[in-house]
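Q: Below are the structure tokens for one structure; questions will follow.
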Amino acid sequence: HSTDEMVRGLMKTVSMLRRNHLPVLVVGPSIEYDDRLPLIIARYRMSGENPQKLPQRFLRDESWALDGQMRNTFGFLPGVIYVSILQSMCPGHRCPLYAQDGEPMEFDTHHLTAGGSTTVAQKALISNVLDLVRERPLKKK
């Protein structure tokens with residue numbers, strides 16, 4: 001499926017929820033790499049380079065494009081809050097490699113580890129959702 005099809009399908013669901021006067025939280029795409037993150041980290045460690053200086057070239061550009069498309073589609077709809085994981089977690093396109101518990105953020109190219117999930121929930125979801133609700137209370141429309 002194309003990203004356009006995915007966004008159109010999500011819009012159908014969001015529209016149905018809004019018609020029923022339900023508040024909606026849309027969460028954007030996760031950090032996505034071209035290869036498995038633990039493998040990228042291991043390669044850097046074996047080469048003697050610091051994995052914290054991981055070149056951002058391994059980040060998938062498609063995720064950033066989808067995030068922008070989703071933010072433009074859902075970010076300004078009444079009754080909808082859009083949270084960008086990428087903007088919250090990756091200032092300046094510099095994404096964290098490790099979760100707060102020290103394990104890699106992801107166990108493959110884009111699926112979060114348990115520690116990665118906790119880190120994203122704390123940094124991206126909880127604080128941003130609370131800030132957004134304060135700034136723009138959900139209105140029934």
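Q: Over the stretch 10-61, consider all pairs of different Cα atoms and compute the Kirkwood hydrodynamic radius from their mean reciprocal separation; express it in Å, one decimal.
A: Evaluated on the stretch 10-61, it is 14.1 Å.
Q: Per residue, how much accessible area does the stretch 1-113 show when a 1.4 Å probe rolls over the protein heavy atoms, in square angstrom?
A: Spelled out: the 1.4 Å probe surface of the stretch 1-113, per residue, equals 56 Å².
Q: Dipole of the chain (Lys/Arg Cβ +1, Asp/Glu Cβ -1, origin at the Cα centre): which of Gln122, Thr109, Val14 lies farthest to the positive side?
A: Val14
Q: Where in the chain are the DSSP H helices whose alpha-carbon span along the long axis reaches 18 Å or more and whose Kyte-Doolittle mean is at least -1.0?
A: Counting only whole DSSP H runs, the qualifying helices are 3-19.
Q: May I ask you to give the percent of accessible area on the stretch 4-130 that is carbon plus sulfur, with a probe radius of 1.4 Å?
A: 56 percent
Q: If you average the C-alpha positions of the stretch 1-50 and of the stretch 106-126 separately, how far apart do those two centres end up, in angstrom?
A: 11 Å
Q: In debye to the nearest 20, how big a dipole does the chain give about its Cα centre with +1 on each Lys and Arg Cβ and -1 on each Asp and Glu Cβ?
A: 740 debye
The values are calculated or read from the model by the stated rules, or taken from the named source; none is laboratory data. Values in this document were obtained by computation on a predicted structure and should not be read as measured data. When we count neighbours, we look across all protein chains shown, and the Cβ atoms used for this are built from the backbone with ideal geometry, even at glycine. With ligands, DNA and RNA removed, areas are computed over all heavy atoms of the protein, side chains included. Shrake-Rupley method; radii C 1.70, N 1.55, O 1.52, S 1.80 Å.
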